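One structure is given here, and the rest of the page talks about it.
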Amino acid sequence: MMLRVVILLGAVTLGAEPLVTGFDRFHGTSPSAEGGRLLYNELGCVNCHGGETGLPVMRGPALATVTQRVRSEWLRKFVADPASVHPGAVMPQVLAKADDQTLVAIEHYLASLKPKTATKAAAKIMHVNGGRGGELFNTLGCVACHAPGKGFVPPDGAPKASEFTHRSIGFGDLKAKYSLDSLGSFILDPLKVRTDGRMPKTTMDRQDAIDIAGYLLEFQGSDGRIDQPVVSVAADKNLAIVGRKAVVAAQCAACHDLPKDAAAKPVVLKKNVGGCLDADHAKGPRYELSEAQRASLKLFLAKKDEAASPKLAADLTLHALNCVACHERDGKGGPDAARKPYFQGDHNLGDTGRYPPPLTGVGGKLRPEWLAKVLAPRVEPKAADLFTSHFKADATLVRPYLKTKMPQFGAATADLAKLLGVADARPPLKFEGGDDTAGRKLMGTQGGAGCITCHRWGDRPSLGIQGPDLSNIAARLQEGWLREYLINPAAYRAGTLMPSFWPAGKSFNPTILGGDTDKQIASIFKFVESANGEPEGFPQNRNGEFEIVPKDRPVVQRAFTDGIGVRAILVGFPTGVHLAYDGDKGGPGLAWKGRFFDAYLTWYSRFPTFEKPIGEQVVAWPKPAGRFLGYRLDAKGNPTFLNEQGGVKVEETYEGIENGLRRTVIWAPTPDFTPAITHPPGMIVDVKESSAQGRRVFTYLWK
């Protein structure tokens, strides 16, 4: 099988300077002491010169096995001039004056080093599937840091070069560096070699890693046995002695773990200018720093003795580890437009089903012990079914629908949970007055908010789209964050499918606990915490028709609805005329007569289709153009929908009448503003003007 050539995209090209992605993306346009702190840590300056950055240590790769991992010629060239072999390399040129004999001697010294633990011989590679490796590379999350490959086209189409807004971490010449086996071993567990976590570990099995390596190396064919292995030199004792002297003189042990006899002596900074910061310096480590990098380092060095605040240390740690390549925080970061198509998952959930969650306020969102678990190493899957075994083994995995995987960063995240907890701390809140019986009803479909329509409950799939698991929210979420989120989900994540059942703090259901918002939310939390059963509405019998028939009061049901979308809110009135409201744009969508709705697929299908009303004489409004803010129910069950037009809040109340609907529109009187109110063709519209400004009443009847 011929594998198509892998050409990496990326319109933003690398310069001669070392690439620290967090600095380049968030600090590179304007020199700052904060950016300098990040560079001082990530370029290894702190390893030689000391000081405290507040960031996880940046170390070079393990050298005891380097001659077994990379090819001899590549190693010597890289040691002599890292940036020329790997553009953007953060290792400085420390051996610019080394001749070929010295480079050979260094290689022999490295070959003489003994690893702390014995390395096992890898099993023979029998089969390679580069095409499959390309799909894994381009969908597991690798392209958040690295450029996508042109050989793979995501479902939404390949990006344009102009859509790349930040630089990718390059690979250099992988063929010259690795064999199929050595690259596959590195991809499988980078933390064995790069303990600093800048190249994190993504959960996968050995065949996954080999296939990705085959893709990146443009391996021809499918028989891995024809690969040319890395051949390590047999260490010559005399050459190794010469090589050790060169390594000691170059201070390599400042960044790499080496034997004690090769230890590096600290170099005290006596001034904040000159030396490595000079563009033309001839002594010591040489970086081709950009002007922005040089300026930022000088600003940091001018006040390097100032400790970083928890907020700054947390944010810069996220920049150093490039967590913000996948996650947004405080409106910054996340994948750029070019990389978004490569993030795959459950499209039924919209953006939340494809992109990792925001990290804004995450230290005040997740409980400290849960956040620590998220950042800790996870149990490796052992079963053949990777998805199923991973889900069962990892209790912190609440979004199994994301194809992009959360990697492990090893020791680099040891202090991150604590930092985020301090940086994002919110006033403590302890729920009081909760009733777990009321919470069970509120989460269910029998008069509640219908949470299980979109969310799974432990090992029970939801009745519709498969949103995050709710059975662990008491162990996972802080009470204060949960309350704020339930009242206004869109404030946390724009575009979320999660509606507000307590818009502006007012309950959607006044009949449960008197409509007290705080008691209702506390009851949901208490029910989950009690682990006393499951929400109402999970079917005991999955067969038969589940038609909803409004009798004594209106019935509200969310459903995927043809012509409206995934955010339709259906309202059935006992009078026999019904409404579908557009919960995306904020406006009426459909009206019909007769039967209301058959909820079987909405409640019991994992992937419900877009439903149509089961009644007759369906009429449709033109598409609205507002912003939906939620809804509430009055004592009789009639809904009032809240939306915003041109910055003005508008309320629409609907009531069922004989052969029609009554619509009351109210808004705050504002000069030169009248809400855009449309009507469906095919109906008689009776307009009743009101003496009060900002109020209109419409009656809709069939002709």
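So that you can scan it fast, the table gives a plain yes or no per residue for (1) under 30 Å from GLY224 (Cβ atoms); (2) in the same structural domain as LEU180 (by TED's automatic domain parsing); (3) of a type in the set (Asp, Glu):
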position	(1), (2), (3)
LEU19	no, no, no
THR29	no, no, no
GLY44	no, no, no
LEU95	no, no, no
ALA111	yes, no, no
LYS114	yes, no, no
GLU135	yes, yes, yes
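Among residues of segment 279-311 being charged (D, E, K, R) and within 22 Å of ALA89 (Cα to Cα), the one that is surrounded by the fewest Cβ atoms within 10 Å (Cβ to Cβ) is ASP280. Hey, does segment 632-646 have a residue that's of a type outside the set (Ser, Thr, Tyr), outside any strand (DSSP E or B), surrounded by fewer than 17 Cβ atoms within 10 Å (Cβ to Cβ) and free of Cβ contacts under 8 Å to residues at least 12 places away in the same chain? Checking segment 632-646: not a single residue is of a type outside the set (Ser, Thr, Tyr), outside any strand (DSSP E or B), surrounded by fewer than 17 Cβ atoms within 10 Å (Cβ to Cβ) and free of Cβ contacts under 8 Å to residues at least 12 places away in the same chain. ASN532 meets all of the listed conditions (1) in a loop (DSSP other than H, G, I, E, B); (2) more than 24 Å from SER471 (Cβ to Cβ); (3) in contact with an Asp or Glu (Cβ under 6 Å, 6 or more places away or on another chain) but one, namely (2).
Among LYS623, LYS649, which is over 21 Å from ASN509 (Cα atoms), modelled with pLDDT of 90 or more and under 35 Å from the mean Cα position of the chain (by Cα)? Can you show your working first?
Working: LYS623 fails: modelled with pLDDT of 90 or more.
Going through LYS623, LYS649 in turn, just one is over 21 Å from ASN509 (Cα atoms), modelled with pLDDT of 90 or more and under 35 Å from the mean Cα position of the chain (by Cα): LYS649.
Selection over segment 379-407 of residues that are surrounded by fewer than 19 Cβ atoms within 10 Å (Cβ to Cβ) and modelled with pLDDT under 70 gives a count of 16. Has segment 217-240 got at least one residue that is over 34 Å from the mean Cα position of the chain (by Cα) and basic (Lys, Arg)? Yes, some residue in segment 217-240 is over 34 Å from the mean Cα position of the chain (by Cα) and basic (Lys, Arg).
Quick check, is PHE546 within 30 Å of ASN659 (Cα to Cα) and of a type outside the set (Ser, Thr, Tyr)? Lay out the reasoning, then the answer.
Details: within 30 Å of ASN659 (Cα to Cα): yes; of a type outside the set (Ser, Thr, Tyr): yes.
In short, yes.
Filter segment 112-168 for residues that are at positive phi and in contact with a Ser or Thr (Cβ under 6 Å, 6 or more places away or on another chain) and give the result. Let's see the steps before the verdict.
At the first step, the residues of segment 112-168 found to be at positive phi are 141, 157.
Listed by number, the list holds a single entry, GLY141.
Could you go through segment 451-465 and let me know if any residue there is touching a Cys at 6+ places or on another chain (Cβ under 8 Å), among the polar types (S, T, N, Q) and either assigned by TED's automatic domain parsing to the domain that holds ALA599 or closer than 25 Å to GLY565 by Cα (or both). There is at least one residue in segment 451-465 that is touching a Cys at 6+ places or on another chain (Cβ under 8 Å), among the polar types (S, T, N, Q) and either assigned by TED's automatic domain parsing to the domain that holds ALA599 or closer than 25 Å to GLY565 by Cα (or both).
Scan segment 577-619 residue by residue and report those that are among the small types (Gly, Ala, Ser), out of contact with any strand residue (DSSP E or B) (no Cβ under 6 Å at 6 or more places or on another chain) and either more than 24 Å from ILE677 (Cβ to Cβ) or not in a strand (DSSP E or B) (or both).
Residues of segment 577-619 that are among the small types (Gly, Ala, Ser), as a first pass: 580, 583, 586-587, 589, 591, 594, 599, 605, 615.
In the following step, the residues that additionally are out of contact with any strand residue (DSSP E or B) (no Cβ under 6 Å at 6 or more places or on another chain) were identified as 587, 605.
Correct list: SER605 only.
Please find, within segment 48-60, the residue that is surrounded by the fewest Cβ atoms within 10 Å (Cβ to Cβ) out of those that are at negative phi and in contact with a Pro (Cβ under 9 Å, 6 or more places away or on another chain). Here the residue is HIS49.
I want to confirm something. Restricting to segment 495-525 and keeping residues that are buried (at least 20 other Cβ atoms within 10 Å of the Cβ) and hydroxyl-bearing (Ser, Thr, Tyr), which single residue is nearest to ARG354 (Cα to Cα)? By that ranking, first place goes to SER500. Please determine whether any residue of segment 250-261 is farther than 30 Å from MET58 by Cβ, surrounded by 15 or more Cβ atoms within 10 Å (Cβ to Cβ) and not aliphatic (A, V, I, L, M). The answer is no; no qualifying residue exists. Considered as a group, the residues in segment 185-199 that are farther than 17 Å from LEU321 by Cβ and touching a residue at least 60 places away in the same chain (Cβ under 8 Å) include one that is surrounded by the fewest Cβ atoms within 10 Å (Cβ to Cβ), and that residue is LYS192.
Just one residue in the set VAL90, VAL79 is in contact (Cβ under 8 Å) with a residue 40 or more places away in the chain, among the aliphatic types (A, V, I, L, M) and under 27 Å from GLU42 (Cβ atoms); that residue is VAL90. You will find that of ASP598, ASP672, the residue that is surrounded by fewer than 19 Cβ atoms within 10 Å (Cβ to Cβ) and either in the same structural domain as ASN509 (by TED's automatic domain parsing) or under 30 Å from ARG460 (Cβ atoms) (or both) is ASP598 and no other. Scanning segment 203-217 for residues that are assigned to a loop (DSSP other than H, G, I, E, B) and modelled with pLDDT of 95 or more yields a count of 1.
Can you pull out the residues in segment 470-494 that are out of contact with any helix residue (DSSP H, G or I) (no Cβ under 9 Å at 6 or more places or on another chain) and either crowded, with 21+ Cβ neighbours inside 10 Å or under 18 Å from PHE525 (Cα atoms) (or both)? If you could, list the steps in order and put the result at the bottom.
Here is the first cut: in segment 470-494, the residues out of contact with any helix residue (DSSP H, G or I) (no Cβ under 9 Å at 6 or more places or on another chain) are 489-490.
The answer is PRO489, and nothing else.
Residues are listed down the side, and each one gets a yes or a no for (1) outside any helix (DSSP H, G or I); (2) in the same structural domain as ARG194 (by TED's automatic domain parsing); (3) within 30 Å of GLU34 (Cβ to Cβ):
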residue	(1), (2), (3)
GLN220	yes, yes, no
VAL231	yes, no, no
LEU239	no, no, no
VAL242	no, no, no
VAL247	no, no, no
PRO266	yes, no, yes
LEU269	yes, no, yes
VAL273	yes, no, yes
GLU288	yes, no, yes
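Helices (runs of 4 or more DSSP H) fully within segment 398-500 that include at least 2 residues being touching a residue at least 40 places away in the same chain (Cβ under 8 Å) and closer than 22 Å to CYS323 by Cα: 416-423.
The values are calculated or read from the model by the stated rules, or taken from the named source; none is laboratory data. Since we're looking at a predicted model, the values are computed, not measured. Don't worry about glycine lacking a Cβ; one is built from the backbone with ideal geometry, like all the others, and counts go over all protein chains shown.
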